[in-house]
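Written below as structure tokens is the structure these notes are about.
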Amino acid sequence: MLAETICSAVSAAGLGIAAIMAYRKRFLPAARIAAYALVPLGLVMTGAVEWIADTAFSPVAWAGFGVLGAAWLLLLSTRSVERRRGGRKQATRGAEPGAVAPGASAPSRAVTAKPQAGKAAGEDFSDIEAILKKHGI
């Protein structure tokens, strides 16, 4: 009951200050002060102040907040561990044949572009042409 009275008094004082500002022809700051002054009154009218007061003095509510915090920490820790393990598995699987898509054709697994000793690196396109012909491109 005391919290509702205090919130109502704060709202009344804020609206009084807003009225004084409007009287002095400073309408924009007056509207802003009125908006801030109406927030505590709105919280009292919706019952949020009573809920906050009941929550602040309830051990069951604080235990609930503790459980929520523990669940949040558990979720974050498992996600970070999963992210660490996932990154290591991807790095080690890069050389394995299992890293290639299951439906991939055999030439795409076996093709390695090595320039021959007599030719420059950009001149040997025979492997690429064979792959393109195989796929009908």
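Assorted remarks:
- Residue under evaluation Met1, criteria (1) surrounded by 13 or more Cβ atoms within 10 Å (Cβ to Cβ); (2) more than 33 Å from the chain's Cα centre (by Cα); (3) not β-branched (Val, Ile, Thr), criterion not met: (1)
- Any chance Asp127 is modelled with pLDDT of 80 or more, within 30 Å of Pro40 (Cα to Cα) and among the charged types (D, E, K, R): no
- Residue count for segment 8-52, restricted to those that are open to solvent by less than 40 Å² (accessible area, probe 1.4 Å), out of contact with any Gly (no Cβ under 9 Å at 6 or more places or on another chain) and in contact (Cβ under 8 Å) with a residue 12 or more places away in the chain: 6
- Qualifying residue in segment 102-118 (condition: under 30 Å from Gly42 (Cβ atoms), open to solvent by less than 60 Å² (accessible area, probe 1.4 Å) and either of a type outside the set (A, V, I, L, M) or modelled with pLDDT under 85 (or both)): no
- Meets criteria (open to solvent by 50 Å² or more (accessible area, probe 1.4 Å) and either touching a Phe, Trp or Tyr at 6+ places or on another chain (Cβ under 9 Å) or modelled with pLDDT of 85 or more (or both)) for Glu82: yes
- When Ala71, Ala37 are checked against the criterion of being modelled with pLDDT of 90 or more, assigned to a helix (DSSP H, G or I) and in contact with a Leu (Cβ under 6 Å, 6 or more places away or on another chain), Ala37 stands alone in meeting it.
The values are calculated or read from the model by the stated rules, or taken from the named source; none is laboratory data. These numbers were taken from a predicted model, which means no experiment stands behind them. We place every Cβ from the backbone using ideal geometry, glycine too, and count neighbours over all the protein chains shown. Ligands, DNA and RNA are stripped out before the accessible areas are found, and what is left, the full protein with its side chains, is counted by its heavy atoms. Shrake-Rupley method; radii C 1.70, N 1.55, O 1.52, S 1.80 Å.
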